[in-house]
């Protein structure tokens, strides 16, 4: 039997566990990346492990999120990150060099390698044929220490591509089509692997757009083969020696196959407030538009900016529209200037923003009250833009540009065939904003810079044998990490200060949550389906842990958030009987008798379920059964009070 490409890379990097689907395996991580919103905590955790230098082949610290200097805090974090990179042997991508995923694709990604990043859109690297996975920051810190990354061996979903895209469509329309089919929770526990004759018609940037938004499926990762198009991209980047051909075996067996005829793909749009609320653009054409943003790690390549410029050349955006452009990297910005793209966009009325994440995470360029904002981004969760009542739609650069021109949502097919230019000759290589690792002897002399906003990593509590906790909040389905721990210009600068950022936990959902959590010793959250979807931000687990949350009971969990809960000593439980969700209300006092001994018995092969006792809203005393999908290592981590304590204990015993 042959192997899929994902299986080949997993097998090549497999170092622990039974190599069987559905079982936990540990894989070697070749590369890591962090960004500044998650990075400070990663390097504080790495420092706590007392390991002098990263043990990966290559690790990069990027600054691309917290780039607004409203006060000292973001700059202090950047200085800390630069000093940590120097001390521990990482590359450092300075502010202005670009968005981590775009820069990594250009300058560091290698087909067949594994990449672990403390950002959920790390699977962008799958456009190069990497096995690139988003994870919580502590998992990345542990990988930098040379430890395996553990995951459940996923199911492999094959996406067979045939035909070629019409001129008015983009890779964005492909992934939106798939999201319409699969939904935001359809990819949990799965890898999406693209194959078929249509693959060769897509450029690496188009492939990267598709793998980037695979995160919105809830997938472990997504990837494409490494072929001639991959080789051409790497040679353009002066890294042709990194290329190697990689494909699935002809007889490879996928767990399921989804077929997409690229020639039949139409312009698509995700409506507020979820990436899978996808319809054809033609179905809602004519909706007035207030704001348009082109960029982000999803659609900010030179080709994306170039097609927008072609559409807007010699014209002016509609009077009621504000248009912002975020080039994905300094390389893209320089090429766009050389090709005259920036001039065309500015002449049409666009504002050129930083080569950074910016509006995607609510860091500037927020829409007006109640505005309709079209964005070439990957997420449109309510309030993520920085404006609570804005209606954010996700579109391709083609739809964004023509809609900015017309002032209403417009199907780009109204323009006829679009003429695409070849901008490869404008790509110039200049890594002057990337600082290489210091030699080890010099690195050891480096002192970490700490501003007053940078606080120590809080410690978790060991798990008791029995636990009593109060239900602090009950949520519905698809609660996001933005709901749990908001971002934006006000809150992101607090990422290095857990006591302060904890004041904003669930603030967008329940303004009284912080005070309620501070009034009890042990807290519990009740959630619906797909609890914790979205960003990889581990602060959505660290801050609740700091507030005393010990347990989350949900119908189901998003992969990264569930791992983050375990990493910080919060027990993730699911309702064995889904109807029991209705019984467990806010304010209930819940007892978990024999909790620790039950988990220890499960680690030894016992049942993976436990009892919870409480008084329901009808006054009846009830006992329900809750399940847990945890292996022995997870249970050890929970009992120890979190992965940091567990890792230090293991290091001390070796």
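See the values below:
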read-out	value
One residue from 443, 456 being under 30 Å from residue 72 (Cα atoms), touching a residue at least 12 places away in the same chain (Cβ under 8 Å) and under 30 Å from the mean Cα position of the chain (by Cα)	456
Criterion (surrounded by fewer than 20 Cβ atoms within 10 Å (Cβ to Cβ) and under 30 Å from residue 218 (Cβ atoms)) met by exactly one of 477, 482	477
Candidate set: region 390-420, residues that are modelled with pLDDT of 95 or more and part of a loop (DSSP other than H, G, I, E, B); chosen: the one nearest to residue 369 (Cα to Cα)	390
Residue in region 533-543 that is part of a loop (DSSP other than H, G, I, E, B), surrounded by fewer than 24 Cβ atoms within 10 Å (Cβ to Cβ), in contact with a strand residue (DSSP E or B) (Cβ under 8 Å, 6 or more places away or on another chain) and touching a residue at least 40 places away in the same chain (Cβ under 8 Å) present	no
Residues of region 130-153 satisfying the condition of being in contact with a strand residue (DSSP E or B) (Cβ under 7 Å, 6 or more places away or on another chain) and over 30 Å from residue 301 (Cα atoms)	148, 149, 150, 151, 152, 153
Matching option when the condition is at pLDDT 95 or above and in a loop (DSSP other than H, G, I, E, B), among 54, 60	54
Check on residue 626, under 30 Å from residue 51 (Cα atoms), not assigned by TED's automatic domain parsing to the domain that holds residue 135 and not in a helix (DSSP H, G or I)	no
So residue 67, is it surrounded by fewer than 24 Cβ atoms within 10 Å (Cβ to Cβ), more than 27 Å from residue 630 (Cα to Cα), modelled with pLDDT under 95 and within 20 Å of the chain's Cα centre (by Cα)	yes
Criterion (in a strand (DSSP E or B), out of contact with any helix residue (DSSP H, G or I) (no Cβ under 8 Å at 6 or more places or on another chain) and farther than 30 Å from residue 430 by Cα) met by exactly one of 368, 373	373
Verdict on residue 528 being surrounded by fewer than 24 Cβ atoms within 10 Å (Cβ to Cβ), modelled with pLDDT of 95 or more and either in contact with a strand residue (DSSP E or B) (Cβ under 9 Å, 6 or more places away or on another chain) or under 19 Å from residue 626 (Cβ atoms) (or both)	yes
Selected residue (only one of 132, 141 is under 17 Å from the mean Cα position of the chain (by Cα) and either farther than 22 Å from residue 256 by Cα or part of a loop (DSSP other than H, G, I, E, B) (or both))	141
Single unsatisfied condition, residue 362 versus (1) within 25 Å of the chain's Cα centre (by Cα); (2) at negative phi; (3) surrounded by 22 or more Cβ atoms within 10 Å (Cβ to Cβ)	(2)
Criterion (more than 25 Å from residue 108 (Cβ to Cβ) and touching a strand residue (DSSP E or B) at 6+ places or on another chain (Cβ under 8 Å)) met by exactly one of 22, 39	22
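Each row is one residue, and each column tells you yes or no for (1) surrounded by 17 or more Cβ atoms within 10 Å (Cβ to Cβ); (2) within 27 Å of the chain's Cα centre (by Cα); (3) free of Cβ contacts under 8 Å to residues at least 12 places away in the same chain.
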{"site": "615", "(1), (2), (3)": "no, no, no"}
{"site": "618", "(1), (2), (3)": "no, no, yes"}
{"site": "628", "(1), (2), (3)": "yes, yes, no"}
{"site": "641", "(1), (2), (3)": "yes, yes, no"}
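The values are calculated or read from the model by the stated rules, or taken from the named source; none is laboratory data. Worth saying up front: this structure is predicted, and the values here are computed from it rather than measured. Because the Cβ atoms are built from the backbone with ideal geometry, glycine has one as well, and the counts that use them run over all protein chains shown.
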